[in-house]
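Written out below as structure tokens is the structure these notes cover.
The values are calculated or read from the model by the stated rules, or taken from the named source; none is laboratory data. What you see is a predicted model; the values in this text were computed from it and never measured. Here the Cβ positions follow ideal geometry from the backbone for every residue, glycine too, while neighbour counts run over all protein chains shown.
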Amino acid sequence: MSKIIKKAQKPKVDEKQELTISELIDVFTQIGYSVRVEKGLFKGGFCLLREQKLFLLNKNLEPSKKISILAKNLADLEIETHYIKPNIRELIDAESKNTLL
């Protein structure tokens, strides 16, 4: 008797989290960074490639982890002079306070 092999279901995409990730990436773009979402053995971080400012983010991370990594790294940059949506700024400020603890 043969077994039936079921394909693994793809996890549901939370549109709100995906929008937040997109808005955080837009902030990086505003301040002059290119953001690349790729596979690899890393979480995310800054990189300099041929004099181009780059931020790498792991494609396989959960959306909540991506948001946390993006916000924590934005908290380390000088972003006070750039317009950022209030909800995104609150998220960045909350992550910067979490890193101080």
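Within the bounds of region 21-29, is there any residue that is in contact with a Gly (Cβ under 8 Å, 6 or more places away or on another chain) and free of Cβ contacts under 8 Å to residues at least 24 places away in the same chain?
So in region 21-29, the residues in contact with a Gly (Cβ under 8 Å, 6 or more places away or on another chain) come out as none.
Taking every residue of region 21-29 in turn, none turns out to be in contact with a Gly (Cβ under 8 Å, 6 or more places away or on another chain) and free of Cβ contacts under 8 Å to residues at least 24 places away in the same chain.
Could you list all residues from region 44-60 that are out of contact with any Ser or Thr (no Cβ under 8 Å at 6 or more places or on another chain) and either closer than 13 Å to Leu24 by Cβ or in contact (Cβ under 8 Å) with a residue 40 or more places away in the chain (or both)?
Across region 44-60, the qualifying residues are Gly44, Leu57.
I need a count of the residues in region 63-101 that are under 10 Å from the mean Cα position of the chain (by Cα) and not small (Gly, Ala, Ser).
9
Quick check on Glu95: is it modelled with pLDDT under 90 and exposed (fewer than 12 other Cβ atoms within 10 Å of the Cβ)?
It is false that Glu95 is modelled with pLDDT under 90 and exposed (fewer than 12 other Cβ atoms within 10 Å of the Cβ).
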